[in-house]
Amino acid sequence: MDECNETYLAELVRHRNRKSSIKQMTPEELEVEEKFKRASKDELHDLIRSDAKVLAALAACVDRSMPAIKDQLEANRKKAQKSSVHTNIPAAPSCSNSSSQPAKTVAKASLDDAEEEEVRERENQILASLASRDSQTERGGKSNLIDRINLDNTNGSQILHDPGIENCCNSGVIAQLSRRNPTRLSPTEQLLYFQQALYKAISKIRSDIKEQFDTIQRLESEKRLLEVKADASILRRRRIIGMTITGASIHRELLDLVQPGVLLVEEAAEVSEPHLLACFGHRTEQLILIGDHKQLRPQTESYKLAKDYHLDVSMMERLIANGIKYDQLELQSRMKPELSILLRDIYPNLRDNLEVVSRDLQPRCFTVPTFFWTHRELESTSGGHGATNMEEAQRCVRLAMFLILQGCDPDRITILSAYRRQTGLIRNLFKDFLAKSDFLRILIQHRSKRNCEDLELTESPTEQSNTVVTEADLSVKIFTIDLYQGDENDIVIVSLVRSNPSNNIGFLKTLNRRCVAQSRARLVMVFIGNADCIYDSPNGKVWRPLIDAMKGSNCIGSKISLRCPNHAQSVVQSESFDQIPTMSPFCLEVCGIQMSCGIHSCLLPCQPPHDQEHDNCKVVVPFVHPLCNHNDTKFCSEPIGVKTCKTKVSMKFTECSHEILKECGMPDSFYKCHEKCERLLNCGHKCLLKCFELCSSRPCKEKVPHRFPCGHTINTQCCENRDVMTCQQPCSRKLPCNHPCTLKCGEDCKLKPCFVQTTVKYPNCEHSIKVPCCMSDQQFVCDAKCERKLACGHSCPGTCSADCASIACQVKIKLILPCAHPAEIECSIPESQVKCKKICNKQLEGCGHKCLLQCYQPCNSEKCKVCASIQSEIEKKQLLELQQAIRRNAFEELKKIRAMKDLPSSVKTISCDGDYCDEYLDVHDRVMKFIQSEHGWHPAITKIEKIENSKLTLQFLDFKAKCAADPRRSEKKFHGTSANALHSIVTDGFKLPSKAGMYGPGIYFATNSSKSSQQIYTKGSNMLLLCEVLIGRTLKVTSATQMYKSHADLKKIGYDSLFAPRNTKSTGGVLFDEYVIFDPRQAVPQYVIHYSNLAELPVMSLPPSAENHVLKIRPDRYKTDSDSCKALHFASVQSEYLRIDGTIKSLGSITEVWVNRNAQLEQKFKAKQEEFRNKYNSDCWVYAFHGTNRNSADQIFKENFRLDKCTRQAYGRGIYFSEFTHISKDYGDALLLCRVLPGREVDYPPPPNKPAEYDCVRVRDSSSDYSNMLVISNPDQILPVYRVFTTIKFTQ
C-alpha cells in the first residue's frame, strides 16, 4: 500500500481535533498526537493495534468527524438526483474500475440514479448506526475502538467481503486520496479511508484463521483415513463379514480396502439392483443370491421409478428372467398339505415334508383349515391414500377374539391386510373392543398358558392373576402383506379390502403379493374379501386359480363355520361379524371339566368360556369346625379356616352381669350390652341410654317446670340453662302512645316503634293519609289528583302538591295552520312551533313533478323522489346492460376457445428472468404481502408454475355467461390443499367436498396466503393455488351456518358466494377474511406456488466437547453465509416479541438474544414429545414468554424450571407462561422465550379432581387463538431456548 496512507490517517486525526477545538483535546490525546508524528509508515498500524491510548484517540477523531459528515449528507440530499461530482477518483461504489485510469488524472464523473441511491443508502446506515452507538455508549460506558469503527457492532471480516472496498485497497485508490487536502474530501471518501484502515488491520488475522482452518480440515481427513485403514486391517483377518445393504453402501471405502472376493446376498429378491451394484468391488469374483423372486419386489421411492425405469425388479429376478440357471427348493416344512396344495399354480413342483407338517393337529375351532369368507360390502376411499373396509375389519377383530376366547394364544394369530390404512382401522377396533368388553378383560386376566398346537383348552386349573390387561396382552400381530414377508404363524387372517362396483382391485393384481399372503400360515388360513369383485376384475387372473381351487374344495362362501373346541357337534354359521359368537352361549353342552378340587365336575354350559369358575367349586359339603367341633357346611372350594361358626352360645358381660346369645365364631369383644341402663344421673333422674353407653355422654332430657318473674310458667329440659331464658308470652303493657305493645313479655317495649295505622291530615289541603303511629309527626306531600284549573281553563293534570303554573296542559285542541291544513295539538304548545306533516303536493321548478316532502319542508327539485325513482331505474337498467355485456363477452370467448382444434393444457414454470417476469413478480408479491404474523408462516418461494387448462377455462366462462347472479366481480384468491388434491384440481378442476365445513359444503378461499398455507389445509404439500374466483355478489356471514348447500340456494336470494369478514371470531366467525363458493365452475386455478417453510429453525452447533452452552446473537447489519443460522434465530425471536403493537414503546427494541443449548434438557424435551406423539398423535409446541429475575434466569438455563419454586396460584399450581410479551413483563427483569408442549389443553377453570385428563391449563385471549396464560405442571414439557435483552425493560 502507498506510504501516504498512514500519513493521511494521522493528518486526518490531527486536523479533525484542531477543527473542532484545540481546547477539547485531553493530555492523553496530545500525547497520542506526538506519537503519530514520530511514527513511521510501517509503525503506524502496529501502533493503532497495540496502544490503548491510540485506540481511544482515534475513536475521539471519529466522533468529532461525524457531525461534518452529517451536514454534508443533508446538503447532498437537496441537490438534483443527477449531479456532477468533481473528485480525484470515482465514487466508492464504482472504485473497482479505477485501475484503468492514470493515478494523477483529475476525472469528472456523473453518478447515475442507481449509484447515487446506493451511496445515499450507505451514508444513511452509517449515521443511524453512529446514533445507536452513541446512545449505547452513554448507558454502558466507553466502547472499544473496533466496535466504534465497525459502526453498530459490525463484524470486520464482513466488511472485507465488499468487493468494492477490497478492489479500492488493492488498486491504488487510497494513494490518490492521500495526495489531496483532507479538508476537501467528501464524507463518502472519508468513510472509504476508514474502511481501508480496517482492511489492513485485520487482513493478517483473516489469513491466519484461514490457514488454521485448512490445517484442521486436512488433519481431520487424515484421521478418518487412518481409522478406515485400521478397521480394514482387522476385517481382513476375518473369513466372513456381515452387514446390511445400506451399511455396505455407506462403508464402500472400507470394502474397497478389504477387497472381498465372494458376495452372498440373503433375501436378494427384495434388494434393488442399484443398491446391490453399490456393494460390488473390483475384486469381486463370485456372487451368490438367495431369495424368492416370486414374492414381493424391492420398494422404490416413487411409482415412476418402477413404471418407467423398472427399478422394482431385483438383479435376481432379472437374471432368472433372462435364462440364467438357478436352483429352487421344493420341499416345504411350514404349512399343512391342505394349504400348500393351493400354491401349486405358483410352485408346480412343491412337495410337503409330511414328517414335519403332519405333527400339527387339526384346529378344533374350524371345520376346514382354509376358507374364503366372501361378502359384498363396499370399500371406502375417503380421507387419504389407500382403501378401508369396515365390514372386513370387524370380521377380523371378532374372529381373532373368538379364537382367543376359545384358548388360542394371541401370539399364534396374525391379521394381514393389503392396505396400511386398513391395519390402522383394525388396531383401533381392537382397542375399542377391549375397552368395551369388561368380561373379556376378566377372562384374559385369568387365562393360563395353553397348548396352541391343537388349539384346545387345557384341563389343568388356571392360576388367577391380578395383572391389568393392556393392549400388549392381546399381542395379535397386525401387519400389511408387504411388511410380513419372511414371517409365519399358525393362524393367518387376510383382509383383501377391495370391493367396488367397477371391480378395481388395485395392487392386488400382483402375483407376488398373493404369494406372500397365501404362504404365511402353518395351520389355518382365512381370506376375507369380495370374491366376486376379485374374480371378475380384469386384473384378477392371478387370483382365479386360488378361488377356483377353493370352490372345488367347498372352502368358499358367505358363511363361515365355527365350532366349539370341546364339542365338535356344536357348530355355528356366521354370515356377518356380529354373528361370530364371542360371549354368547352357542354351545349348550355341559362343560364337564374337572374343578380345581379334583372331585367335582363343572355343570355350567360349555360356552361362553368361564375358566375362572373352575377355580371356585360351588358344591355345598359338610365339615366340622376344628376349634369348637360344631358341624357346618361350606362351598367345596372354600378353605375351612375362612368361614366362622354360626352356632348360638350363651355369653355373660362382666361389667353388668347381663346375658345374651352370640355366634360361636365371633369374639366376645364384638358384642355390646343393649339392655336399658339402671344408673342415676347427677341430677337425680334415671339414665335413658343403653347399658354399654356412657351416662355422661348425653345431657338429661327430663322435663322440669320454670317460673319467670312476670309470673308465667314453662316446661324446660333438665340440661338447659334457665338463667338466660326470657318469657315468650305476648306482652300486656301499653306504649306511651296508649297503643298495646306487640312484643314478647321478656322484651323491652321501648326497643320497637309503634306501627299501628293512624290518620294524618295534609296541612295545605283537605286530603288525609294513613301512616304508622311512629311516623305521625313527620311532614308528608299530598299525591292526590289536583282539582284546580289551569290558566287556559282546563283541569290541572298534576298532583295536589305540585305547582300548577309549572305544568303543561295536555288537552288536544284543533286549529287551522297558515298553510290552510287542519292540525290537532296539545294546548300548551304555541302555534308558531307547530309543523305541518301533510304532503306538500306543489309543483317543483325544473322537473315539474309534485313535491312529496312534508308541508313545512322547503321544496327542492334536487330531492324529488320521483326523479330519484327514475334515476334508480336508469341505474338498474345500466347495471343490467353491463352484466349482459359481460355475459356476451364471455360467450364470445367461449366460441373462440371451442373453435380451436386442440385445446391447450399445460403447466409451465415461470421466473423473473424470462418473458413472464411481470407475472412472476405479481404472484410473488401477492404471496409475500398477504402474510399475517398470527399464522406463524415464514415462506421462501422456490418455484411458481403457470396453469393453462382450456377445459377449466371453458367451465369458468360458461358459468360466468349463464349462471352467475352478478358476473362483474372476479378476483384472485388463495387455496391450500394436499399434493394429490392439488394435482387433481389442476387437471380436472375443483370438486365440492363430501363433508361440510364451517359455512357448509363449499370450496373455501382466502385473501391471505398465510391462512391457506396452514398444515390443516396443505397436509405438508408446501404448495398453494392462486385461483381466479368469480365472487360476484357476496352474502356477508359473521358466524358459522349450514343454511346454504349449493349455488342455487344463494342465487334464489340474489348472491353468488359467502363472505366471512375478518375479526368476527367473537361472534362465531373467523379471524381473517374467507370466501366460500358452492359451484366448482366459479374458480379456475391459474398458478401453483411452491415454497419451503422456514418455521423449523436450523440447530446452532455447540463448541467441541460442550454439552451446555449459551450462544449470543446481536442484530448485525453485515451478514455472511455462516451467520444465516443466527439471523434466522434472531428473526424468529423478534417476530414473537413484536406480535402486539406497541411492544417496542414500552419495553424497547431487542439488543441481544442468548440461545441456550443444553443437551440434557433437549433430550428430556424430545422424550416428552415422543410420549405425546404416541399418546395424542401430536407433538406440536408453542413459543411462550416467562418473566423472572436475573439469577433465576441463569439457573433455569442450566437446570430448567422447578415446580417447588413457583409461587403463582391465580390459575392453580404450576409454571406460568404467556404468549404475549406485555403480560410477562411485570414478573421480573429477565425475559425468557421457551418452547412449551401443551399436550392436552383445557380452558380455565379445569375440571375438578381430574388432573390426569389434561397436561396444560389455558386462559384464552378473547380476540385471537393465542393464550394470555399457560399453566404447566411438568417441567419436561418446557425447553428454555432464548433469553431476550432490550433497550428499556430487560437490559443487560
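Partners of Lys842 within straight-line reach, counting lysines whose Cα lies under 25 Å from its Cα and excluding those fewer than 8 residues away in the same chain: Lys814, Lys850, Lys863, Lys865. The distance between label points at Ala230 and Cys819 comes to 11.2 nm (points 7 Å beyond Cα on the Cα→Cβ vector).
Just to confirm the filter: which trypsin sites (Lys or Arg not before Pro) across the stretch 1137-1233 are DSSP coil and have at most 16 other Cβ within 10 angstrom of their Cβ?
On the way: sites: Arg1139, Lys1145, Arg1157, Lys1164, Lys1166, Lys1168, Arg1173, Lys1175, Arg1190, Lys1198, Arg1202, Lys1205, Arg1208, Arg1213, Lys1225; in loops: Arg1139, Arg1202, Arg1208, Arg1213.
The qualifying sites are Arg1202, Arg1208, Arg1213.
Toward the positive end of the charge dipole of the stretch 743-873, with +1 on the Cβ of Lys and Arg and -1 on the Cβ of Asp and Glu, the farthest Cα among His821, Tyr856, Ala808 is that of His821. Each residue of the stretch 1269-1284 was assigned a 3J(HN,Hα) from its phi angle through the Karplus expression (A = 6.51, B = -1.76, C = 1.60, θ = phi - 60°), giving 8, 10, 10, 10, 9, 10, x, 5, 7, 10, 10, x, 10, 10, 10, 10 Hz with x at Gly and Pro. Cross-link reach is defined here as a Cα-Cα straight distance under 16 Å, omitting same-chain residues fewer than 8 places apart; for Lys761 the lysines meeting it are Lys770, Lys785.
Arranged from highest to lowest average of other beta-carbon atoms within 10 Å per residue, in what order do the peptides 243-249, 1011-1017 appear?
Details: 243-249: 14.3, 1011-1017: 17.7.
Most protected by this proxy first, the peptides run 1011-1017, 243-249.
Computed over protein heavy atoms with a 1.4 Å probe, the accessible surface of the stretch 996-1045 works out to 38 Å² per residue.
Residue pairs exceeding 29 angstrom between C-alpha atoms, taken from Lys951/Lys995; Lys703/Lys744; Lys703/Lys734; Lys960/Lys1036; Lys1126/Lys1289; Lys895/Lys991: Lys703/Lys734.
Bridge orientation summary for the stretch 1019-1084: considering DSSP beta bridges with both residues in this region, about 60 percent are antiparallel.
Can you pull out the GluC sites (Glu not before Pro) in the stretch 726-829 whose DSSP state is coil and whose Cβ has at most 11 other Cβ atoms within 10 Å?
Values: sites: Glu747, Glu766, Glu787, Glu824, Glu826; in loops: Glu747, Glu766, Glu787.
Filter output for the stretch 726-829: Glu766, Glu787.
Distance between the 7 Å Cα→Cβ label points at Gln871 and Cys804: 5.6 nm.
The Cα center of the stretch 993-1013 and the Cα center of the stretch 718-751 differ in position by 80 Å. In sequence order, the stretch 1193-1209 has phi-based couplings of 4, 5, 5, 5, 4, 8, 10, 6, 6, 10, 5, 6, 9, 8, 9, 6, 9 Hz under the Karplus curve 6.51 cos²θ - 1.76 cosθ + 1.60, θ = phi - 60°, and Gly or Pro positions carry x.
What is the total of Lys pairs in the stretch 519-650 with C-alpha atoms under 15 Å apart, excluding same-chain pairs fewer than 8 positions apart? The partial results should precede the final answer.
Working: Lys551/Lys559; Lys618/Lys634; Lys618/Lys643; Lys634/Lys643; Lys634/Lys646.
Taking the Cα cut-off of 15 Å, the pair count is 5.
Out of all DSSP beta bridges with both ends in the stretch 245-400, state the antiparallel percent to the nearest 5.
Here the share of antiparallel DSSP bridges comes out near 20 percent.
Would you list which lysines come within 20 Å of Lys436, measuring only between C-alpha atoms, while excluding same-chain residues fewer than 8 positions from it? Lys436 reaches Lys1175. Computed from point charges on the beta carbon alone (+1 for Lys and Arg, -1 for Asp and Glu), the dipole magnitude for the stretch 711-849 about its Cα centre is near 320 Debye. Quick check on the stretch 853-936: take the gyration tensor over C-alpha atoms, sort the square-rooted eigenvalues as a ≥ b ≥ c, and tell me if it's rounded (a/c under 1.5), prolate or oblate. Oblate shape, in that a/c is at least 1.5 and b/c is the bigger or equal ratio.
Scan the stretch 834-903 for GluC sites (Glu not before Pro) in coil per DSSP, keeping those whose Cβ has at most 14 other Cβ atoms within 10 Å, and list them by number.
On the way: sites: Glu845, Glu862, Glu873, Glu875, Glu881, Glu892, Glu893; in loops: Glu845.
Counting only loop positions with at most 14 other Cβ atoms within 10 Å, the GluC sites (Glu not before Pro) in the stretch 834-903 are Glu845.
A dipole drawn for the stretch 899-971 from +1 and -1 charges on Cβ atoms has a positive end, and of Cys917, Ser905, Ile941 the residue lying farthest that way is Ser905. Please name whichever of Ser314, Ser340, Gly407 sits farthest to the positive end of the charge dipole of the stretch 309-439, dipole taken about the Cα centre and charges placed at Cβ: Lys and Arg +1, Asp and Glu -1. Of the listed residues, the answer is Gly407. Among residues other than Ile288 with Cβ under 14 Å from its Cβ, the summed charge is -3 (Lys and Arg +1, Asp and Glu -1).
The values are calculated or read from the model by the stated rules, or taken from the named source; none is laboratory data. Computed from a prediction, not measured in an experiment: that's the story for all the values here. When we count neighbours, we look across all protein chains shown, and the Cβ atoms used for this are built from the backbone with ideal geometry, even at glycine. Side chains are part of the model used for accessible areas, which takes the heavy atoms of the whole protein and leaves out ligands, DNA and RNA. Shrake-Rupley method; radii C 1.70, N 1.55, O 1.52, S 1.80 Å.
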